[in-house]
Each structure stands twice: as C-alpha cells, then as structure tokens.
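Read the structure below first, then the notes.
The values are calculated or read from the model by the stated rules, or taken from the named source; none is laboratory data. Only a predicted model underlies this, so the values are computations on that prediction, with no experimental measurement involved. Here the Cβ is made from the backbone with ideal geometry for all residues, glycine too, and neighbour counts use every protein chain on show.
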Amino acid sequence: MSFGDLSDLRGEKTCRKLSMKVKVNWDGQDQTFYDVRKLQFHAMSNDQSMMHERLGYHMYREMGIAAPSAVHARLVINGEEVGVFALIEQIDGRFNRQNWDEGGGNLYKEVWPVFAGEAVTEEAAFAGLKTNEDEDPTFDQIQAFGAAMAAADEDDRADTLRRWMSVDEVAAYVAVDRTIANDDGAFHVYCFEGGSADMCSPHNYYWYEDPSRATMHLIPWDLDHAFANLISPANPVTPLSDPFGEISNDCQPQGFMIPQVPSVCDPILYAFASFESEIDAKVDEFLAGPFSEENVNALLDEWSAQIADAVALEADTHTESVPVQWWEQSLDRLRGHIEWARDRAN
C-alpha cells in the first residue's frame, strides 16, 4: 500500500511519531482489510512501557466489558521505518455487531446522557453519533435514559439505573477502571468551558444503546494514561480530584489547569458508585483472575518479547525514540506499580 509523500500523510509534525488513522475505504470505495475499514495506530507517546493500552483493554474484555481489541504493530510506510504503535480496534458498527446480538443501535462518542442537569439534546447526540447517521436516526433512548437519571433523587438513582444498565456490567467496569487508575477516562468529569459547573462532562468513552433490550452500555476508550497514576500523579491534569464515590468542594469545579468536579456529582456516576458490594465482589474476581500477578506478568512477558526487536530497531533508526534501556525500565516500573495497586486493592 503506497501513501505518497510521508509528510503529507502526517501533516505538520509536532513530534517525530504521531498517532494516525488509515481509511481503507477512502474516497467512498467499498473496501475492507481483514473485514475492517479503518486502522488506528496510536503512538503511545505518554507511555514508555508501551503496554498501557493493550493491557488495559485486555483487562476490561476479560471482565466482560465490550472494549476494543489491541495489539502492537511495527509500522513501515513507503519503506520508511516509523516505529512501534498500538493498533487499536475501531469502535464502529462492526464493533457493535461483534459485541451485541442487536448491533444496529446508535453508537455515540463522548456524548454523556445528562448534561447541565438535563437530558442530552438531539443536536449534541447527533454531533457525537458514529452509526446510523444517514438513516434518519432518533435519540429517544439516550434522551429517555438521561431524563430518567437527571430526574431521579439520590435515593432512587441506583434503582433507576438498574432499568437501563446491567449492574453486573457496571460493577465490572468500575472494578477494572479504578484498579488500573484509568483517571483520564469516563470517570474524569472535566469542565472545559471556562470552569462552569454546568459545563462539565466525562471524557474518553463511547455509549452504545441496544434497541432490542432498551439497555445502555459504556465502552472505555483512549487508555494511554491508564496505570500512570497508580502510586502518585504522573501529571497535574489527569488524576481525579476525589477518590471515586467521594465529593468535595460542594461539586464546584476545582483544579488550576483544567478544572473538574468529582465523578459522583454526575447522577449516572453517582449511581455507579452506589453498588458498593457488587463492585467489591468484582474487584475480588478481578484480582484473583485477570489482574493476578501470574496472569499479568505472563502477558507482559509475552508481549514485550513480541516487540523487543521492533523497539530496538526504532531506537536505532530514530535517535529521539525511547531507548531500549528506558523501555525496559518502564516495563519494570509498570510491574511494580501494578503489584502495589494489587496489594492496595486486597
């Protein structure tokens, strides 16, 4: 496959290795590559261990959460060695059909069902719609879900959520998300619009609405910062302002860079946090199974062996790439942080 001039493909470079997406069916052509239409290569710029995304998505899937598949890829473009990337499955209609019996429902990227205390508007829902865009879509389901959660009193939120989501699925999501410190994910409620409490919403997620069961499903996305804050904040932006389930500052925005509010100031996430016994049970299951020391170390051993030569080749080809020694040290650090997180959760 030829892409022409490499600089045109990447655009104006701000760093050597940029994430990129390849559209197989470009210019309206009806083509696929191993049944997929888009290939997403994530540069892993925030992750010198090069394991956060592959390991994180694997952990969600092992606990029954619909999450994209992820592998490593060595990328060569027109004969030029670019380096090691995380190849992440596109979340789209094909992904829906693979994960749900009724895969023809609406898929939304970063459209939260409740915004400013009310159900999401049709305009906002359509702006984030990733399937059915050309089929005269309706937004009744996500709006009904948002309206029900916005109207529910604190004591009624858990029961209201039960009518729309599987508690088992919610508990598994929380167990994985909090154990791996996916702080830049759906539980991080950023206030981008001038720090106003009415303009805050979560980040890095998709919603799928199953029309046959009238259920909603939260899908994790963009895990490059997962694992980074297990012991201490890796940067001043991504850490949650409060431990999940706790509230401070009367739900007013706080933070000197990008303000945020505690997760459970949102009625949906408030309901998530209320399933304490179910979450505790899922944490125990997670620690004993997918997140066990034996399983995680086996995965890291296998995957690091797969990419070791490619990491060394990238470092030899591009002096500004991560040196092999740094990569190895980052892997060891990740193992240590995961062990610490496992001990804390037990």
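The set of residues in the range 83-110 that are over 18 Å from residue 38 (Cα atoms) and either in contact with a Pro (Cβ under 9 Å, 6 or more places away or on another chain) or at pLDDT below 95 (or both) comprises 101, 102, 103, 104, 105, 106, 110. Quick check on residue 205: is it under 18 Å from residue 264 (Cβ atoms) and at pLDDT 95 or above? Yes; evaluated as a whole, the condition is true for this residue.
Sub-7 Å Cβ pairs linking a first residue in the range 205-217 that is crowded, with 19+ Cβ neighbours inside 10 Å to a second residue that is among the hydroxyl-bearing types (Ser, Thr, Tyr) and not in a loop (DSSP other than H, G, I, E, B), at least 6 apart or interchain, are 206/108; 207/108; 217/208, ordered by first then second residue. The residues of the range 159-190 that are among the hydrophobic types (A, V, I, L, M, F, W, C) and either on the phi > 0 side of the Ramachandran plot or touching a strand residue (DSSP E or B) at 6+ places or on another chain (Cβ under 6 Å) (or both), listed by number, are 164, 165, 181, 186, 189.
Answer yes or no as to whether residue 281 is under 15 Å from residue 179 (Cβ atoms) and surrounded by 19 or more Cβ atoms within 10 Å (Cβ to Cβ). So that I can check it myself, show each step before the final result.
On the way: under 15 Å from residue 179 (Cβ atoms): yes; surrounded by 19 or more Cβ atoms within 10 Å (Cβ to Cβ): no.
Criteria not met by residue 281.
Being farther than 23 Å from residue 113 by Cα, among the aliphatic types (A, V, I, L, M) and out of contact with any Cys (no Cβ under 7 Å at 6 or more places or on another chain) is the requirement here; does residue 324 meet it?
On the way: farther than 23 Å from residue 113 by Cα: yes; among the aliphatic types (A, V, I, L, M): yes; out of contact with any Cys (no Cβ under 7 Å at 6 or more places or on another chain): yes.
So residue 324 fits the description; yes.
Restricting to the range 1-23, give me the number of residues that are at pLDDT 85 or above, part of a loop (DSSP other than H, G, I, E, B) and not basic (Lys, Arg).
So the first thing to find is which residues in the range 1-23 are at pLDDT 85 or above, and the list is 17-23.
Imposing the further condition that a residue be part of a loop (DSSP other than H, G, I, E, B) reduces the set to 17-19.
Filter once more, keeping what is not basic (Lys, Arg): 18-19.
So the count comes out to 2.
The criterion of at least 1 residues that are of a type in the set (Phe, Trp, Tyr) and under 25 Å from residue 160 (Cβ atoms) is met by the following strands (runs of 3 or more DSSP E) wholly inside the range 182-280: 189-191, 205-210. Of all residues in the range 266-288, those that are in contact (Cβ under 8 Å) with a residue 60 or more places away in the chain and among the polar types (S, T, N, Q) have Cβ atoms under 9 Å from Cβ atoms of residues that are in a helix (DSSP H, G or I) and surrounded by fewer than 20 Cβ atoms within 10 Å (Cβ to Cβ), 6 or more apart or on another chain, in 274/154; 274/158. Scanning the range 27-60 for residues that are closer than 15 Å to residue 85 by Cβ and part of a loop (DSSP other than H, G, I, E, B) yields a total of 9. Within the range 312-335, residues that are without any contact (Cβ under 8 Å) to a residue 24 or more places away in the chain have Cβ atoms under 6 Å from residues that are of a type in the set (Gly, Ala, Ser) and outside any helix (DSSP H, G or I) in these pairs: 315/321, counting only partners at least 6 apart in sequence or on another chain.
Of the residues in the range 49-70, at least one is at pLDDT 95 or above and acidic (Asp, Glu).
Among the listed residues 139, 145, 115, which satisfies the condition of being at pLDDT below 95, in contact with a helix residue (DSSP H, G or I) (Cβ under 9 Å, 6 or more places away or on another chain) and more than 30 Å from residue 305 (Cα to Cα)? That would be 115, the only listed residue that is at pLDDT below 95, in contact with a helix residue (DSSP H, G or I) (Cβ under 9 Å, 6 or more places away or on another chain) and more than 30 Å from residue 305 (Cα to Cα).
I need the full set of residues from the range 122-131 which are part of a loop (DSSP other than H, G, I, E, B) and either without any contact (Cβ under 8 Å) to a residue 24 or more places away in the chain or among the hydroxyl-bearing types (Ser, Thr, Tyr) (or both), in order please. Talk me through it step by step, then tell me what you get.
Filtering the range 122-131 down to residues part of a loop (DSSP other than H, G, I, E, B) leaves 128, 130-131.
Scanning the range 122-131 gives 128, 131.
I'm checking my understanding of the structure. Among residues of the range 132-182 that are in contact (Cβ under 8 Å) with a residue 60 or more places away in the chain and polar (S, T, N, Q), which one is surrounded by the most Cβ atoms within 10 Å (Cβ to Cβ)? Checking each candidate, the answer is 182.
Of 275, 227, which residue is surrounded by 14 or more Cβ atoms within 10 Å (Cβ to Cβ), modelled with pLDDT of 95 or more, on the phi > 0 side of the Ramachandran plot and of a type outside the set (Ser, Thr, Tyr)? Working first, answer last.
Values: 275 fails: on the phi > 0 side of the Ramachandran plot.
Within the list 275, 227, the selection yields 227.
Going through (1) among the hydroxyl-bearing types (Ser, Thr, Tyr); (2) farther than 30 Å from residue 62 by Cβ; (3) touching a Phe, Trp or Tyr at 6+ places or on another chain (Cβ under 8 Å) one by one, residue 138 falls short only on (3).
Entry remark, the range 93-121: residues being assigned to a loop (DSSP other than H, G, I, E, B) and either buried (at least 16 other Cβ atoms within 10 Å of the Cβ) or touching a residue at least 60 places away in the same chain (Cβ under 8 Å) (or both) number 14 in total.
Which members of the range 255-272 meet the condition of being surrounded by fewer than 21 Cβ atoms within 10 Å (Cβ to Cβ) and among the aromatic types (Phe, Trp, Tyr)? Of everything in the range 255-272, those that are surrounded by fewer than 21 Cβ atoms within 10 Å (Cβ to Cβ) and among the aromatic types (Phe, Trp, Tyr) turn out to be 256, 270.
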